[in-house]
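What follows is a single structure, written as structure tokens, with notes after it.
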Amino acid sequence: MSKPLALLYYSNLVPGSQLAGRLQDLGYRVQNVSSAALLPGACDSEMPLVVIAELAPPTDACAAIAQLRASPATQHIPVLGFARAHDAAVQAQAREAGVTLFAADAGIAEQLPQLLDRILQVE
């Protein structure tokens, strides 16, 4: 059986590289996306189980996530967004863009199993 695919976008090496390792430990295949602008195309072609994206400025990750939500082919893909916990502006942009769940970058690798369980629940 094939491992589920997680698309991962990050600009800061830590916690991004920690997340990649943690996802692999949890049994996911991880495909890193080098630019937030590439997320919609990667989702169209790869159909991941989940997208995990760093939302901290100056990235355009929120715009890319809004594109995912606008497309019938990718609007169902859960997105876990992360950035500094105290950045209220980024959190507001994330909600507006359609991020499924927002998490603080501090400690996200340790909390990843619970966060994934939460966003992958079928309602």
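The values are calculated or read from the model by the stated rules, or taken from the named source; none is laboratory data. Predicted, not measured: the structure shown is a model, and the values here were computed from it. Here the Cβ positions follow ideal geometry from the backbone for every residue, glycine too, while neighbour counts run over all protein chains shown.
Evaluate the following for residue 33: is it on the phi < 0 side of the Ramachandran plot and buried (at least 20 other Cβ atoms within 10 Å of the Cβ)? Yes: the conditions hold for residue 33.
Picking from residues in the range 1-22 that are farther than 23 Å from residue 91 by Cα and in contact with a strand residue (DSSP E or B) (Cβ under 9 Å, 6 or more places away or on another chain), the one that is surrounded by the fewest Cβ atoms within 10 Å (Cβ to Cβ) is 2. For the range 3-29, which positions are over 18 Å from residue 48 (Cβ atoms) and in contact with a helix residue (DSSP H, G or I) (Cβ under 7 Å, 6 or more places away or on another chain)? Matches in the range 3-29: 15, 18. The residue list 85, 97, 73, 42 contains one member that is surrounded by 13 or more Cβ atoms within 10 Å (Cβ to Cβ), within 27 Å of residue 2 (Cβ to Cβ) and either more than 11 Å from the chain's Cα centre (by Cα) or free of Cβ contacts under 8 Å to residues at least 60 places away in the same chain (or both), which is 42. Residue 28 fails exactly one of the following numbered conditions: (1) over 13 Å from the mean Cα position of the chain (by Cα); (2) surrounded by fewer than 16 Cβ atoms within 10 Å (Cβ to Cβ); (3) at pLDDT 90 or above. What is the number of that condition? Single failed check for residue 28: (2). Conditions: (1) among the hydrophobic types (A, V, I, L, M, F, W, C); (2) in a loop (DSSP other than H, G, I, E, B); (3) modelled with pLDDT of 95 or more. Residue 66 meets all but one. Number of the miss? In the conditions (1) among the hydrophobic types (A, V, I, L, M, F, W, C); (2) in a loop (DSSP other than H, G, I, E, B); (3) modelled with pLDDT of 95 or more, residue 66 misses (2) alone. One residue is enough: does the range 106-116 have a residue meeting the conditions outside any helix (DSSP H, G or I) and touching a strand residue (DSSP E or B) at 6+ places or on another chain (Cβ under 9 Å)? Scanning the range 106-116, I find no residue that is outside any helix (DSSP H, G or I) and touching a strand residue (DSSP E or B) at 6+ places or on another chain (Cβ under 9 Å), so the answer is no.
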